[in-house]
Amino acid sequence: MSIGQTIKHKTQAFKGRITERIGRTARNRRLERQGRTDQISGNLKQSGDKAKDAFRR
């Protein structure tokens, strides 16, 4: 995939990690869940991009 998409997905996963930690520190379950969701979706998108690249080769 393009470099822009790769950076976007990695940023989403990183943002999720930060949001989860803030939620854990503030004892806010909603923020923790939101962070985990962002993390998982960013990682899944990265995996999808890797799979697409593998099939193109």
Please state which one of 22, 3 is among the β-branched types (Val, Ile, Thr), at pLDDT 95 or above and over 12 Å from the mean Cα position of the chain (by Cα).
22
Please name all residue pairs, on different chains or six or more residues apart, with Cβ atoms under 6 Å, provided the first residue is in the stretch 1-26 and is over 23 Å from residue 56 (Cβ atoms) and the second residue is open to solvent by 90 Å² or more (accessible area, probe 1.4 Å).
20/36
Got at least one residue in the stretch 28-46 being of a type in the set (A, V, I, L, M, F, W, C) and either at pLDDT below 95 or assigned to a loop (DSSP other than H, G, I, E, B) (or both)?
no
Identify all residues within the stretch 23-45 that are surrounded by 15 or more Cβ atoms within 10 Å (Cβ to Cβ) and of a type outside the set (Lys, Arg); write none if there are none.
23, 31, 32, 34, 35, 38, 39, 42, 43
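The values are calculated or read from the model by the stated rules, or taken from the named source; none is laboratory data. The structure displayed is predicted, hence computed values, not measured ones. Note that each Cβ is placed from the backbone with ideal geometry, even for glycine, and that neighbours are counted across all protein chains shown. What goes into the accessible areas is simple: the full protein's heavy atoms, side chains included, and nothing from ligands, DNA or RNA. Shrake-Rupley method; radii C 1.70, N 1.55, O 1.52, S 1.80 Å.
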